Amino acid sequence: MKKQYVIGINIIGDAASTASQIPMLKDIGFGAFFTEWQPEYTSEWVKTAEKYGLIYQSIHSPFYGNCNVSQLWRGGEEGRLVTNRLIECIRDCATHNIPVMVIHPYIGFRDHTPTEVGLDNYARLIDVANDLGVKLGFENVEGEEYLAAIMERFWDAPSCGFCYDTGHEQCYNGGKDMMALYGEKLCHTHFNDNLGIILPPEASIDDTWQNDLHLTMGDGIVDWKSVMSRIRASNYDGPLNCELTRNNKPNRNDHDKYAEMTLEEFYKFAFERMCMVTDL
């Protein structure tokens with residue numbers, strides 16, 4: 001008999017409307033969700049999730065702007081400030097019994113050299129998460145070397161976990177089997193689809209992010225039978241979350257059909273697609 005999973009999704013839209021979306025997700029059939037970090041709303045979202053019986057599985061920590069995770073690897077005052085900000089996010093998860101904080105090991109496409117100062121900063125995060133009982137879901141993103149360095153250093157730490165992003169595996173990790181590398185540490189998923197490497201060879205490396213479409217499952221070329229086979233072979237039995245967007249990348253129209261849907265219609269479409277691929 002196939003493993004059965006609770007299906008979840010990222011909350012789409014502005015923070016102020018999140019609480020009103022949670023009962024909508026429940027009615028559609030979702031059993032879990034995750035959000036970005038908006039600490040002024042966390043308590044409200046937790047209470048609403050409890051009211052409607054949904055699992056608030058994770059907070060996705062910030063990774064750009066004034067919390068650019070690349071600064072962790074460069075050290076200095078900015079690295080210290082970003083580390084402290086992420087510690088605040090871990091504490092928010094712990095305070096509200098949210099079990100996972102998803103974190104990007106790096107952001108950017110030009111640097112590929114992990115540093116000791118960066119690992120020292122991540123050690124601070126690991127130590128706080130260990131103490132507070134929060135799992136850190138390190139996501140496979142661009143700059144795979146940084147994820148590898150973190151996993152090698154902190155593999156045995158109780159808080160060290162892996163967030164598997166199916167789309168990133170295809171467009172950032174060259175189709176490498178990330179579950180074979182880190183599936184033993186799986187604690188969260190980001191199901192999404194894309195079209196692979198779609199930029200012309202002459203495009204700037206800084207535009208590589210445009211390959212990361214976060215389409216609904218089945219609207220790209222991800223091999224979902226392979227995805228589910230590898231997940232079922234793991235010991236993971238938590239929710240399977242998708243991470244989607246309705247917004248087009250610059251000068252593209254891949255998401256036009258999503259924009260034409262109401263939010264409820266889009267959530268229903270996403271739920272149907274999640275049911276389809278998780279049954280493979």
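Each value in this text was obtained by applying a stated rule to the coordinates, not by laboratory testing. Just so you know, these numbers come straight off a predicted model, no measurement behind them. Glycine gets a Cβ as well: all are built from the backbone with ideal geometry, and neighbour counts include every protein chain shown.
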Mind checking the full-extension length gain between Tyr52 and Asp127? Use 0.36 nm per residue of separation minus the Cα-Cα distance, one decimal, nm. 23.7 nm
Counting other C-beta atoms within 10 Å, which of His112, His255, His96, His60 has the fewest, and how do the rest follow? His112, His96, His255, His60
Of Lys26/Lys176; Lys3/Lys185; Lys2/Lys225; Lys47/Lys135; Lys185/Lys268; Lys176/Lys225, those spanning more than 23 Å from alpha-carbon to alpha-carbon: Lys26/Lys176; Lys185/Lys268
Roughly how many debye, to the nearest 20, is the charge dipole of the range 7-278 about its Cα centre, given +1 on each Lys and Arg Cβ, -1 on each Asp and Glu Cβ, and no other charges? 520 debye
Take Glu40 and Leu263, extend 7 Å from each Cα along the Cα→Cβ direction, and tell me the distance between the two endpoints in nm. 1.8 nm
The residues Ile11, Ile28, sorted from fewest to most surrounding Cβ atoms within 10 Å, come out as Ile28, Ile11
Between the range 1-33 and the range 86-160, what is the C-alpha centre distance in whole Å? 25 Å
Determine the relative contact order of the range 127-280: mean sequence separation of Cα pairs under 8 Å and six or more apart, normalised by residue count, in whole percent. 20 percent
Extending each Cα 7 Å along its Cβ direction at Ser234 and Arg85, get the distance between those two points in nm, one decimal. 2.8 nm
For the chain, what is the relative contact order in percent, using Cα pairs closer than 8 Å and at least 6 residues apart in sequence? 17 percent
Using DSSP to call loops (not H, G, I, E or B), can you name the GluC sites (Glu not before Pro) in the range 159-230 whose Cβ has at most 15 other Cβ atoms within 10 angstrom? Glu202
Longest site-free stretch - the chain; sites: trypsin sites (Lys or Arg not before Pro), DSSP loop, at most 14 other Cβ within 10 Å: 4-109
Just want the ordering: Ser204, Ser17, from fewest to most Cβ atoms lying within 10 Å of their own Cβ. Ser204, Ser17
Fully extended, how many nm does the chain gain between Met276 and Arg252 (0.36 nm per residue separation, minus their Cα-Cα distance)? 6.0 nm
DSSP beta bridge pairing in the range 7-278, given as percent antiparallel to the nearest 5: 5 percent
